[in-house]
Amino acid sequence: MTVVRHRLRSILTLTYLNGVLPIRSQPLYLINLVASPLSFLFFITIASGGVLFNYAVAGGMLMTMLSIGTSLQTDISHYKQDLKLQDVLIASPVEAWVYVGGMAFSELVYSLPAMGVFAALWVFGGWGSPAGAITLVGVLVLVWAFASALGFTLATFFEDVRETFVFSPLISLGLSVLPPVYYPIGALDPRLQPFAYLSPTTYAADLLHGVVGAPGPSFFGAVIDWVVLIGFTVGLLALAARKARWREP
Amino acid sequence: MTGPAIEARGLGKIYPRGKAVALSDVNLSIPAGIVFGLIGRNGAGKTTFVRIAATQLMPSSGTLTVLGGDVLRDVGDIRARIAAVPQESRPLYFVTVDELVYLYLRTRGMEAPEARRRTDAVLEELDLAAVRKKQVSRLSGGMRRRAMVAMVLASDAEILFLDEPTTGLDPLARREVWGAIRRAREEHRTVLLTTHYLDEAEALSSRLALLENGRVRLEGTPDEIRGRIRRPFRVTVQGVLGRDEIAAYGDVTDIEGGFLVFAREPDARELALRALSKGARVSMGPVTLEDIFLQVVGRPLDSGEPTGADA
């Protein structure tokens, strides 16, 4: 019990350290994760004459959670390479999963303004329901978890924080812009649709489309979406646990 | 504890990239409760040794035990009892000095009242109480390093790894950090200090090891190390005497305006008297660590020539 309490204390402290204190010195950090999803929401809504507004809301939520992974990647890389914080924490009782847990929770703080906007749009869009809320939270938690695992794993391999500037846009492109996150999969050329299913966010978006008033998956389709999403998340967490470089070889 | 705090047997490290040999057959026993200085040039292997002992880096061969635990098998137990300030580490710029120390202790899992008590105590003792509410980004380099050392000093760690804690600091700032390290010494905690400032190693360390090209070249107390030197006295002679006239007394090195001679005591005394009688400017005394380094390694610490493969 004491051990669990220690771990929890470490996670909460890291959350406060990286999620609250920086905002005190630079409040503009809070709008960091709002900008891109809201920009997409704006353009897609305008360009589609409002038809894809609900898709843009679902896409915005997913993109916000994915951005946590890329922000985490940058923060962890910066702390490791520039400040040597990772080495400070390795030589302490803090374990890798505690560190990444604390950092991942801290990034959630930055997502609050964006998630607040999208949650408000979801409710005021008339799509809100208890079942929908459960799906929404479940999907977003899974996306947050795998994005954090991916961000951490990559960051531990980087030798310079600038490498994150290359990977972050690629991750964003591959997981939130190209796959049918902001648009229905039917809008894709049929020859390209199979490729879309390589991205876990396609399954996440499929589930979310069902709770924002767009055509959602069938029962079996939803089961497949959940299985793939959970499997991918567990796989990435396992990969992070095995392959992330906490102690260097 | 009764055994050594850190013990290396045949320790080796080859970095996977480039196959660079950083440590080779290192045997070292570091007693508990002292400041142990690891000295050597940049690239001699000091940081590699510290990083392996602090469980940040895997060894390639040999064994290393820390507080009786093996760095490969007993990582969790070791990590609960150590703390480190890595080389070139910097504090998060947006925290205050107080938050830096307090939140570090909380991250280590310490209860709030205990963390508060230790934070207050360490800031008082290291003269940081006046700046406790200042953001670390607004502190001088010396104060920042001192705050980093305060952070680990406030912990309950039994071994502190301080990797070049004063590199790049001015002499005044270095002495500020020395004060913090002396506090750890007074508490009888084990400190593994790496430095390439020999005066620092001599001022702070009870025992020293000299690393060169990833190998331990000398180990012992500063006096023991001096005792192992073939020519334990240094004489500087400026003016009048030529190299040929003094070469018979010992090992001669050129210095500005004269020569530095390492000699045995009778030869040093005779040379000093002879030079004085001829009107030369003379100084004589026991060799410094810098001199020992020069004798062992064959070139001064700051000659800039690379030696080991990495860190």
*Hey, can you tell me all the residues within region B:200-255 that are touching a Gly at 6+ places or on another chain (Cβ under 7 Å), farther than 30 Å from B:Arg274 by Cα and either in the same structural domain as B:Ala280 (by TED's automatic domain parsing) or of a type in the set (Ser, Thr, Tyr) (or both)?*
B:Ser205
_Boolean, A:Phe152 is among the hydrophobic types (A, V, I, L, M, F, W, C), under 13 Å from A:Leu66 (Cα atoms) and touching a helix residue (DSSP H, G or I) at 6+ places or on another chain (Cβ under 7 Å)_ = yes
*Specify which of the listed residues (A:Ile68, A:Ile31) is more than 14 Å from chain B (Cβ to nearest Cβ), modelled with pLDDT under 90, in contact with an Asp or Glu (Cβ under 8 Å, 6 or more places away or on another chain) and within 30 Å of B:Arg90 (Cα to Cα).*
A:Ile68
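For every residue, the table says whether it meets (1) within 10 Å of chain A (Cβ to nearest Cβ); (2) closer than 29 Å to A:Gln81 by Cβ; (3) part of a helix (DSSP H, G or I); (4) of a type in the set (Ser, Thr, Tyr).
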position: B:Asn27; (1), (2), (3), (4): no, no, no, no
position: B:Thr47; (1), (2), (3), (4): no, yes, yes, yes
position: B:Arg90; (1), (2), (3), (4): yes, yes, no, no
position: B:Gly109; (1), (2), (3), (4): yes, yes, no, no
position: B:Ala115; (1), (2), (3), (4): yes, yes, yes, no
position: B:Arg118; (1), (2), (3), (4): no, no, yes, no
*Given the conditions (1) aliphatic (A, V, I, L, M); (2) within 24 Å of A:Arg9 (Cβ to Cβ); (3) surrounded by 22 or more Cβ atoms within 10 Å (Cβ to Cβ), report the number of the one that B:Leu162 does not fulfil.*
(2)
_Whether any residue in region B:145-161 is in contact with a Lys or Arg (Cβ under 7 Å, 6 or more places away or on another chain), in a loop (DSSP other than H, G, I, E, B) and not aliphatic (A, V, I, L, M) is what I want to check._
yes
_Boolean, B:Leu208 is touching an Asp or Glu at 6+ places or on another chain (Cβ under 9 Å) and either of a type outside the set (Ser, Thr, Tyr) or part of a loop (DSSP other than H, G, I, E, B) (or both)_ = yes
*asked:* Any residue that is in a loop (DSSP other than H, G, I, E, B), at pLDDT 85 or above and crowded, with 19+ Cβ neighbours inside 10 Å - is there at least one of those in region B:192-199?
replied: no
_When residues of region A:1-28 are limited to those that are surrounded by 18 or more Cβ atoms within 10 Å (Cβ to Cβ) and of a type in the set (A, V, I, L, M, F, W, C), the one farthest from the other protein chains (Cβ to nearest Cβ)_ = A:Ile11
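The values are calculated or read from the model by the stated rules, or taken from the named source; none is laboratory data. The shown structure was predicted, so the numbers you read here are calculated from the model rather than taken from an experiment. Positions of Cβ are generated from backbone atoms using ideal geometry, with glycine treated the same way; all protein chains shown enter the neighbour counts.
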